[in-house]
Each structure stands twice: as structure tokens, then as C-alpha cells.
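S.K.: Below are the C-alpha cells for one structure; questions will follow.
The values are calculated or read from the model by the stated rules, or taken from the named source; none is laboratory data. Please read all numbers here as calculations on a predicted model, not as lab measurements. Cβ sites come from the backbone with ideal geometry, for glycine too, and all protein chains shown count toward neighbours. Surface areas here come from the heavy atoms of the whole protein model, side chains and all, with no ligands, DNA or RNA. Shrake-Rupley method; radii C 1.70, N 1.55, O 1.52, S 1.80 Å.
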Amino acid sequence: MYPQPNSRTGTILFLMAGFAATAWAVQVEPISLRNEHRLHFGELGSAAAGAVAARVTDPSAVWYNPGRLIQTQSPSISGSASIFESATTTVETSDGTYSNSTLNTIPGYVGGSGRIPWREDNRVMWGFGVFVPLYWDSSLENRNTQTLTFGAPNPGPYAVDTVGRVSTQSRLLVPAVALSVRVTDDCGIGLSLMAQRYEHRQERNTSETSQTRGLYRSYWEIQEQTVTSLRIGAGAYHTWGPLDIAVAAKSPSWRIMSTSSAEWHAVQASFASGTVVTSDAYNGAGEAEFQSPFEATLGVAYTVDACTAELDVTYLAAVGPYATVEGDLPIGSRVFNTGTGLDITTLSTGTPGELELEQAWNIAIGAGWEMSPDIAIHLGYAIDHSQVEDSDEFTDLDISTLSIGLQRKTARSAVFAGVYTQWSSTGTSRVFNSQSATWEDAAVSIDVWGAVLGASYYLE
């Protein structure tokens, strides 16, 4: 934070606040989500909210249950994506309610499967997929006018117009390969290997202008992290007539490599005194961590005539506290103020993060109805309980999903389309009250609408 040149009153005021957006009544922190099961994939999963561990028959089995990969229809390629998603973030603070909507296209997955070429008994199949189970993009903007008191050379109260923006983007990209073996005509098992790449970026940007004072300030901070890790998956299924039972599991993730960087930039100009103060700092030597927990799913599906229903229950294990961002944060730098003739120590607002995940249980319920030999309708409901505990970086939100979709399937291809809506519980986010120079809790929630489109092509 930069004190006003030639202003002892202003210096004290700004140093007490100690944060970039001093002129805001409140400064909203970036809203980051840690829900790894919000997005769903494939012919059934995208329309049935992921309730498919016991009946998946396309290459998305690499993710949901590698044991079911043996049930894919001949060699195939498949993919699905959210052709649009509108996500609205709402924060209720003591200063009012702030909300903003983002419109994104989210790649869901692309994958394929095939037989082992040197075997002709159709008892072993391979598969691959590239999945995006976590994607979040949120931005919020504050605009207001406050009266601040400055000292020399023109002492007195002056109006300051402020525009502040915070944003966050998170993505988890998971390439995976799998093998599946048909044990009997009614039973299969499989293994998968997943390489996770987590990318996270958050930015704070504030501009303040006082026309009558002749003052301009702008400062922004960017933090970025990437983490590459490995996981192992396993799955099995057994069919008893109309009843399918499946189990699937994913191991905890093991970090392979990571990077963390942060930037801090600021400029302040006082037209009254003719001074300009700038500061730039960069830290690119940090490490980062992103841990996925052990998880296990039990799926039960039952088919009666043309109707099928499934219930999946997933257990997510707890993860002990770990540092998500390591390095020299907050960033410190010293600048020379030509108005006061003093060196000023400035600090960014970023801090090293720590996260703990508590255990949780998720459920997904799906159903399908074959209206004709080629046309089927699917629907689903799922709840993704957040595991976030004691974190200043991530918001603890339970997210519910309701989805419905239509599928047209022939001997050589399938086309499917669906829509979904998501809503969250109310969680707690941090805001900084610059009037009292204290942190406060604010209520945050999200609402999402989206549409999914996908296709599969069977090579034989």
C-alpha cells in the first residue's frame, strides 16, 4: 500500500488499512471452489449427474469405473462438453450484495477404447480419456465513492472513486489410461492410471481516483500455481440378471512437480505535488500442492423392461492439513517516495495457504427410459459435499446438480444432448472492511445453468 506523498494523515490512514482496496467499504476476496465432482461426462454421465458406475458403456468408464470398460461397444471414440455454462456468484456483505455472472465453454472429456490387437477373444480392452472434473471461473467487481481526509499540500476531505476487481480461475486436467478384463460373461475388473494437472490463478486489481485531489492509484496482484500429480484407479462389476453392482476407487494423489509464482505491481500519482511512486515485485521460486483424497464408490443399478435406475454412494477420505502455496508470500518491496524522501516498505495481500479436507459422502441418483430402440431419455440428481475445512483460500460449498438429457443411439454412433442446473449451500467468504481495518465474514453462494453436447462413434 502506498501512502499519499507529503501527507502524514494520509500515511497513517493507509498504513492502518494495510490492504490494496482501502477506499472500499469492503474488499471481497476471490471466490475459489475445491469441488472435484461438480462436472460429469459421457453418454450417460452428463445427463444422469454421474450416477453411472454400474452401467457406463462408453469410454468415460476410464474415469467412472475402469472395470466397466470391457462393456464398451467395440472400438470407439467419444466426447462431451458443456457448450455453455452460466455461473453466478453472489456475496452478501455488511456493505451490500455483490454478484457477477460468467459464461464459459467447458471441455468435459474426450476418450476412446479398443481391443488388445493380438487377442481375439474380446476379453481384454484398453481405453484412454482426457477429463476436466474441476473447472471454475469467477470474478467480482466493487464500485463506490468514499470521502477520505488528506493532509498537505491541499488538506481536507476529498471524494475518492474506486473500482476493484477480484477473479479466480481453477482447472483440473486429467489424462488417463485403463485396462479392463472380462473375468466371466457377467463380471469384469479394471485398472487405470491418471496424471493430474491442477492450474490455479487469482488476481486482485484496484484503481482509485480523486478528481478534486488530483490523485490516482492503481495496484494489482497475481498469484498462479500448477501442480502435477498421479493417481491410480480400480473398478469391478457383476451382473445378476436385471441387477448390476459395481465398486470403484481412486487412490490419493502423489505430487510429481509444482510451481508457484506471484506478482505485485502498483503506481501512484499525485498531480498536486507532481510526484509518482511505482513498485514492482515478483516471486517465481515457490512450490504448490493440490491433494485429491482417496475415494470409493458403490453403485447399484436395476433394469425393468425399458427403464433403468441407479444409485451411487461415494466416500471421500479426509486429508490432513497441508500447505497449498509455499514461498516468500506476502511479497515485500521497498520504494523511494519523492514526496516524503523516505523509503516505504510495501506488502502484497497474498499469504501462504493451508488447507484441510474433512471426510464426506456424496450421492448420485440416475434413471433412464428407452422410449424406442434408438431414443432414450436420462435424468439425474447428485450432491457434491465440499471437503474444505479451515481455509482462507477456498470456499466451503455443497453443490447440488439436477440434469436431464436425450440420447439417440444406432449401431454405429450415438448423439446426446442435455441441460443441467446447479445450486449451492451458503458458505462463508472473507471480506476486508477498510473502515474498521478488520476482516469480516460474508455469505457466498452460486447458481449455475448449462447445456451439454456429445457424441460417440463405434468403429466396428
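S.K.: Among the listed residues 206, 212, 239, identify the single one that is touching a residue at least 12 places away in the same chain (Cβ under 8 Å), of a type in the set (S, T, N, Q) and touching a Cys at 6+ places or on another chain (Cβ under 9 Å).
M.R.: Exactly one of 206, 212, 239 is touching a residue at least 12 places away in the same chain (Cβ under 8 Å), of a type in the set (S, T, N, Q) and touching a Cys at 6+ places or on another chain (Cβ under 9 Å), namely 239.
S.K.: Given the structure, is residue 217 surrounded by 20 or more Cβ atoms within 10 Å (Cβ to Cβ) and farther than 26 Å from residue 44 by Cβ? Walk me through how you get there before you give the answer.
M.R.: On the way: surrounded by 20 or more Cβ atoms within 10 Å (Cβ to Cβ): yes; farther than 26 Å from residue 44 by Cβ: yes.
Spelling it out, residue 217 is indeed surrounded by 20 or more Cβ atoms within 10 Å (Cβ to Cβ) and farther than 26 Å from residue 44 by Cβ.
S.K.: Let me ask something else. Would you pick out the residues in segment 388-446 that are within 30 Å of residue 323 (Cβ to Cβ), among the hydrophobic types (A, V, I, L, M, F, W, C) and in contact with an Asp or Glu (Cβ under 8 Å, 6 or more places away or on another chain)?
M.R.: Within segment 388-446, 388, 399, 431, 432, 442, 443, 444 meet the criteria.
S.K.: Something else now. List the pairs whose first member sits in segment 298-325 and is surrounded by fewer than 17 Cβ atoms within 10 Å (Cβ to Cβ), whose second member is among the aromatic types (Phe, Trp, Tyr) and in a loop (DSSP other than H, G, I, E, B), and whose Cβ atoms are under 6 Å apart, counting only residues at least 6 apart or on separate chains?
M.R.: From segment 298-325, the pairs are 317/294.
S.K.: For the structure I just gave you, tell me whether residue 396 is over 21 Å from residue 46 (Cβ atoms), open to solvent by 20 Å² or more (accessible area, probe 1.4 Å) and in contact with a Ser or Thr (Cβ under 6 Å, 6 or more places away or on another chain). So that I can check it myself, show each step before the final result.
M.R.: Values: over 21 Å from residue 46 (Cβ atoms): yes; open to solvent by 20 Å² or more (accessible area, probe 1.4 Å): yes; in contact with a Ser or Thr (Cβ under 6 Å, 6 or more places away or on another chain): yes.
Yes.
S.K.: A follow-up question, please. Which residue is nearest to the chain's Cα centre (by Cα), if the candidates are limited to segment 223-259 and must be among the aliphatic types (A, V, I, L, M) and open to solvent by less than 20 Å² (accessible area, probe 1.4 Å)? Show your work before the answer.
M.R.: At the first step, the residues of segment 223-259 found to be among the aliphatic types (A, V, I, L, M) are 227, 230, 232, 234, 236, 243, 245-249, 256-257.
This time we only want the ones that are open to solvent by less than 20 Å² (accessible area, probe 1.4 Å), so: 227, 246, 248.
Numbers: 227: 14, 246: 28, 248: 23 Å.
Result: 227.
S.K.: If you go through segment 413-447 one residue at a time, how many are surrounded by fewer than 21 Cβ atoms within 10 Å (Cβ to Cβ) and under 28 Å from residue 309 (Cβ atoms)?
M.R.: Count: 8.
S.K.: Among (1) surrounded by 16 or more Cβ atoms within 10 Å (Cβ to Cβ); (2) touching a residue at least 40 places away in the same chain (Cβ under 8 Å); (3) of a type outside the set (A, V, I, L, M), there is one condition residue 201 misses while meeting the rest; what is its number?
M.R.: It is condition (2) that residue 201 fails.
S.K.: Still on this model: For residues that are free of Cβ contacts under 8 Å to residues at least 12 places away in the same chain and in a strand (DSSP E or B), scanning just segment 109-157, find the one that is farthest from residue 447 (Cα to Cα).
M.R.: Step one: of segment 109-157, the residues free of Cβ contacts under 8 Å to residues at least 12 places away in the same chain are 116-121, 156-157.
Cutting the leftovers down to in a strand (DSSP E or B) gives us 156-157.
Details: 156: 44, 157: 41 Å.
Selected residue: 156.
S.K.: Looking only at segment 397-410, decide whether some residue is more than 20 Å from residue 311 (Cβ to Cβ) and of a type in the set (Asp, Glu).
M.R.: First, pick out the residues of segment 397-410 that are more than 20 Å from residue 311 (Cβ to Cβ): 397, 406-410.
In the following step, the residues that additionally are of a type in the set (Asp, Glu) were identified as none.
No, segment 397-410 contains no residue that is more than 20 Å from residue 311 (Cβ to Cβ) and of a type in the set (Asp, Glu).
S.K.: Moving on. Would you mind stating whether residue 62 is under 23 Å from residue 413 (Cβ atoms), of a type in the set (A, V, I, L, M, F, W, C), open to solvent by less than 10 Å² (accessible area, probe 1.4 Å) and touching a Lys or Arg at 6+ places or on another chain (Cβ under 8 Å)?
M.R.: Details: under 23 Å from residue 413 (Cβ atoms): yes; of a type in the set (A, V, I, L, M, F, W, C): yes; open to solvent by less than 10 Å² (accessible area, probe 1.4 Å): yes; touching a Lys or Arg at 6+ places or on another chain (Cβ under 8 Å): no.
Here the answer is no, as residue 62 does not meet what is asked.
S.K.: Tally the residues that are of a type in the set (Phe, Trp, Tyr) and open to solvent by 30 Å² or more (accessible area, probe 1.4 Å), restricting the search to segment 131-188.
M.R.: Qualifying residue count for the region: 2.
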